[in-house]
1. In this structure, is His49 open to solvent by 30 Å² or more (accessible area, probe 1.4 Å), under 14 Å from the mean Cα position of the chain (by Cα) and modelled with pLDDT under 90?
2. Can you tell me which residues in the stretch 44-80 are of a type in the set (Val, Ile, Thr) and assigned to a loop (DSSP other than H, G, I, E, B)?
3. Inside the stretch 81-101, can you point out the residues that are touching a Pro at 6+ places or on another chain (Cβ under 9 Å) and part of a loop (DSSP other than H, G, I, E, B)?
4. Select from the stretch 61-81 the residues that are open to solvent by 40 Å² or more (accessible area, probe 1.4 Å) and at negative phi and list them in ascending order.
5. Could you grab me the full set of residues in the stretch 18-42 that are part of a helix (DSSP H, G or I) and either in contact (Cβ under 8 Å) with a residue 60 or more places away in the chain or open to solvent by less than 40 Å² (accessible area, probe 1.4 Å) (or both)?
6. So which residues in the stretch 52-64 are modelled with pLDDT of 95 or more and within 14 Å of Val36 (Cβ to Cβ), if there are any at all?
7. Keeping to the stretch 1-17, report how many residues are assigned to a strand (DSSP E or B), in contact with a strand residue (DSSP E or B) (Cβ under 6 Å, 6 or more places away or on another chain) and open to solvent by 40 Å² or more (accessible area, probe 1.4 Å).
8. In the stretch 1-25, which residue that is at pLDDT below 90 and β-branched (Val, Ile, Thr) is farthest from Thr69 (Cα to Cα)?
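The values are calculated or read from the model by the stated rules, or taken from the named source; none is laboratory data. Nothing here was measured: the structure is a model prediction, and the numbers come from that model. Cβ atoms come from the backbone with ideal geometry, glycine included; neighbour counts cover every protein chain shown. Keep in mind that these areas ignore ligands, DNA and RNA; they rest on the heavy atoms of the full protein, side chains included. Shrake-Rupley method; radii C 1.70, N 1.55, O 1.52, S 1.80 Å.
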Amino acid sequence: ALGRADCVSGSGLCTALFRTTDGTTWQSMPGADFNVAGVRGCAAPCVAHIRFATAQVGYTYGPDALFVTTDGGFHWTEQAGRGAEALETADGDVIRLVSSSSSGCPGPCNVHVETAALGSSTWTTVHLQSGDSSPVAVQLSRNGSDAYVLAMRNTAGGAGNATSTLYV
């Protein structure tokens, strides 16, 4: 679990990580090298989501930061490049949606898909069919070896062809 709690030493709020192996008993994890909302104004590196693929391999991410653990959350390594708009693991790999920024776009700009083996720091870009790569929002879903990316468009203001696109 990822969140914030009173700092163990000093005052204020700190990033809090907890783990469970049975869903009942939770163990506090050592200090994280990243912030979450409500901690230091979510100063970089800032993450908002956590996903575990196995008991040992997990990811915590936000649009500008991505960290991976291969030891169950005891140590986290920041990945190079931007973070992830969305990230899902299944079928022995991980997929993330990456954008260049949110500046100047109604949502994430220049969204593309990258894949990697679980726990790896080597990412491969997956090319989707041509289309607008700057939607107002994106969503990623996995089911076994299948992956689905929904690029949502905004039709407000009379946009002629701003329908959403589902990539499989």
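1. No: the conditions fail for His49.
2. Val47, Thr54, Val57, Thr70
3. Within the stretch 81-101, the first condition is being touching a Pro at 6+ places or on another chain (Cβ under 9 Å), and the residues that meet it are 82-85, 97-101.
Correct list: Arg82, Gly83, Ala84, Glu85, Ser99, Ser100.
4. Hits for the stretch 61-81 are Pro63, Asp64, Thr70, Asp71, Phe74, His75, Thr77, Glu78, Ala80.
5. Cys42
6. Across the stretch 52-64, the qualifying residues are Thr60, Tyr61.
7. So the answer is 3.
8. Of everything passing the filter in the stretch 1-25, Val8 is farthest from Thr69 (Cα to Cα).
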